[in-house]
Amino acid sequence: MLIVDVEKQLGEFKVDARFEAPDGVTALFGPSGSGKTSIVNMVAGLLAPDRGRISCNGTLLFDSAGGFGLPPHRRHIGYVFQDGRLFPHMTVAQNLDYGRRMYRLPRDEAARARIVEMLDIGRLFDRRPGKLSGGERQRVAIGRALLMGPQLLLLDEPLASLDAPRKREIFPYLLRLRGEAVPMIYVSHHAAEVKRIATTVVRIESGRVIGVGGPEIIDTADADALY
């Protein structure tokens, strides 16, 4: 379980968020500019809270009172950004292997084969990112994050940079991730998207948590089309 209790002043905007994310897919849902990405960046260690505490599966990640903060590379958290952020000079196969090599993990051929099959990216191994579609790049980015053996997977608006056909292409693969043992934090402002994938929803507005529950807390007032 991820436990977050943080405050962060960002210019005139303040994030003041407290919530718990159990196993499964927890969506941070709210309008653009509500602080969702700032929260996941604090979980990942890319942004330091001014005050608070973050722990994941019993491991302390940040504690302002104790002056403690694990650096990002020691948090064992996979992060999939909006634009994938693959290394352009590496092939798909090299990108997939990057996280494992960075963390000096032993090669697990069975796990690699399972993830490659789940995401249908085996035929892309010899290509470089510039030769991939947006949906293909996101699938490779997800595979790279999973092959790092993370204790938590963060997905920050993974469909936001894609056009409608690419969204339809990749969303079934995101749904498959729910069957993985790795808990996920899924950031989105699209109600239909969140209702389909989330097991827990944390509603964020103006930097604050205004509600936590199942997908049913998203009502007709939040309705918007996924595609």
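Checked against the criteria, Val92 does not count as surrounded by 14 or more Cβ atoms within 10 Å (Cβ to Cβ) and within 19 Å of the chain's Cα centre (by Cα). Could you look through segment 119-155, keep only residues that are among the polar types (S, T, N, Q) and assigned to a loop (DSSP other than H, G, I, E, B), and pick out the one that is nearest to the chain's Cα centre (by Cα)? Out of the qualifying residues, it is Gln151.
Which of the residues belonging to segment 98-112 are part of a helix (DSSP H, G or I) and either under 22 Å from the mean Cα position of the chain (by Cα) or surrounded by 12 or more Cβ atoms within 10 Å (Cβ to Cβ) (or both)?
Step one: of segment 98-112, the residues part of a helix (DSSP H, G or I) are 98-102, 109-112.
Tyr98, Gly99, Arg100, Arg101, Met102, Ala111, Arg112, listed by residue number.
Scanning segment 50-83 for residues that are of a type in the set (A, V, I, L, M), part of a loop (DSSP other than H, G, I, E, B) and surrounded by 12 or more Cβ atoms within 10 Å (Cβ to Cβ) returns a single hit, Leu70. Of all residues in segment 30-38, one or more are within 27 Å of Arg196 (Cα to Cα), in contact (Cβ under 8 Å) with a residue 40 or more places away in the chain, among the charged types (D, E, K, R) and assigned to a helix (DSSP H, G or I). Taken as a whole, the condition of being of a type in the set (A, V, I, L, M, F, W, C), surrounded by fewer than 18 Cβ atoms within 10 Å (Cβ to Cβ) and either closer than 29 Å to Val15 by Cα or touching a residue at least 12 places away in the same chain (Cβ under 8 Å) (or both) does not apply to Met42.
Have a look at Pro71, Pro49 and point out the one that is in contact with a Ser or Thr (Cβ under 7 Å, 6 or more places away or on another chain) and not basic (Lys, Arg). First the steps, then the outcome.
Working: Pro71 fails: in contact with a Ser or Thr (Cβ under 7 Å, 6 or more places away or on another chain).
On inspection, the qualifying residue turns out to be Pro49.
Quick note: the coordinates plus some simple rules give every number you see, no bench work behind them. These numbers come from a predicted model, not from an experiment. With ideal geometry, Cβ positions are generated from the backbone for all residues, glycine too; neighbour counts draw on all protein chains shown.
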